[in-house]
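The values are calculated or read from the model by the stated rules, or taken from the named source; none is laboratory data. Just so it is clear, the structure is predicted and the values come from calculations on it, not from any experiment. Note that each Cβ is placed from the backbone with ideal geometry, even for glycine, and that neighbours are counted across all protein chains shown. We work out accessible area using only protein heavy atoms, side chains counted, and drop any ligands, DNA or RNA first. Shrake-Rupley method; radii C 1.70, N 1.55, O 1.52, S 1.80 Å.
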Amino acid sequence: MSVEMPAPQKRPAYEPAKRLLKPPRYDPGMKRPISTTAGTALILLRVLAGVVVLTGIATGWDALLSDPDSVLEGFDPSPAGAQAALWFVLAAGGTVLLIDLLFAVFVYRGYNWARVIVMVIAVGSISTSFVAWWAQGQEITVDTTYVSLSLDILVLLALSSRSAAAYARRNERR
């Protein structure tokens, strides 16, 4: 005697806008979905990748400056000016990474505004990579933009899911 399991219900390929725009139900006790947790983990991986990039910039700063195409606009070309430019780059990058880390915390805690801002940043980053590839012929390689591009795409997929949106909007009354 075999017991047949019912087939899982598939979502249709096309859904009417009315169904897609239907607000999630009010549920303050909703458990955090895996998509929100995965999105947060991907944001943290993006921060870690940024730390690796800043470390690479710091260790290869002299080689970067010796490149004839590099110019320090607004900084003294002396060694002290080059050091000041390095600190400026590291401080700016560190500030961006700290803000990204804060967004990860807010997304994990279920704030919808943070989820939306992170998705907008991911779309901007993906679009910038596309424009650089299309207009300037910049190659997408593992050494340059592949890791950040793939992380941005995965963040966008995770945080734009229905479950992540429902969790971020679980406290909204309609």
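Key figures for this structure:
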item: Global form of the stretch 67-132, assessed from the alpha-carbon gyration tensor, a/c cut-off 1.5; result: oblate
item: Reciprocal of mean inverse Cα separation for the stretch 43-174 (Kirkwood radius, Å); result: 16.9 Å
item: Dipole-positive endmost among Ser150, Leu64, Ile117 within the chain (Cβ charges, Cα centre); result: Ile117
item: Sequence-separation-based contact order of the chain, relative, with Cα cut under 8 Å and 6+ spacing, percent; result: 42 percent
item: Heavy-atom surface of the chain, accessible at 1.4 Å and reported per residue (Å²); result: 71 Å²
item: Helical segments meeting 27 Å axial Cα length and Kyte-Doolittle -0.5 threshold in the chain (DSSP H); result: 34-59, 79-109, 112-136
item: Fraction of the pair-distance distribution of the stretch 127-174 above 15 Å, Cα-Cα pairs, percent; result: 59 percent
